[in-house]
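Student: My questions all concern the structure below.
Bear in mind these aren't lab numbers, they're just calculated from the coordinates by the rules spelled out. Fair warning: this is a prediction, and the values are worked out from it, not measured in the lab. Here the Cβ positions follow ideal geometry from the backbone for every residue, glycine too, while neighbour counts run over all protein chains shown.
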Amino acid sequence: MRQQSGPGGDQGGFAAVDALVAVTILASSLALSLMAAQVGARASRAAGQTRDAEMLLRERLEGTAGQAGVWSGRERGLDWRVEARASGAAPARLAAPCTRVASAKAGGRTYRIATADICAPEAAG
């Protein structure tokens with residue numbers, strides 16, 4: 001007598017292998033999805049911190065516009081500093097071109113914005 005293969009034949013071994021392959025693919029897909037979500041969340045936090053740093057530095061630059069000097073502080077979880085120094089050899093009592101640099105540090109990252117301005121001389125104190 002011959003055995004017939006087909007839907008009613010003996011395929012128990014193949015079903016177990018198929019199930020094992022399916023579970024492995026499912027587990028791998030789930031692990032990769034979770035890693036992608038974690039990387040996305042980390043990138044989102046970094047982007048938010050970059051946005052906050054840029055907004056803070058622009059506010060500090062606007063708040064000290066036209067003045068020479070050094071300012072610093074801590075706000076929104078960022079340590080910030082603005083330096084405005086006259087460039088060139090203009091007389092100390094006249095307004096002169098100056099370079100303004102604002103920087104902030106947080107979480108091992110440093111953010112920096114630089115611009116040019118016309119600054120009044122520093123007040124003698």
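Student: In a shell of Cβ-Cβ distance under 15 Å around T115, excluding T115 itself, what net charge do Lys and Arg (+1) and Asp and Glu (-1) give? It would help to have the intermediate numbers written out before the result.
Tutor: On the way: positive: R58, R60, R81, R85, R100, R112; negative: E54, E59, E62, E83, D117.
After counting each charged neighbour, the total is +1.
Student: While we're looking at this one, here's another question. With θ taken as phi - 60° and the coefficients 6.51, -1.76 and 1.60, list the Karplus ³J(HN,Hα) couplings across segment 20-35 in order, rounded to whole Hz; mark glycine and proline as x.
Tutor: 5, 5, 4, 5, 5, 5, 5, 5, 5, 4, 5, 4, 5, 5, 5, 5
Student: Could I ask something else about it? What net charge is computed for the residues neighbouring E62, neighbours being all others with C-beta under 12 Å from the C-beta of E62, Lys and Arg scored +1, Asp and Glu -1?
Tutor: +1
Student: Average the reciprocal distances over every distinct pair of alpha-carbons in segment 12-119, invert the result, and give the Kirkwood radius in Å.
Tutor: 17.7
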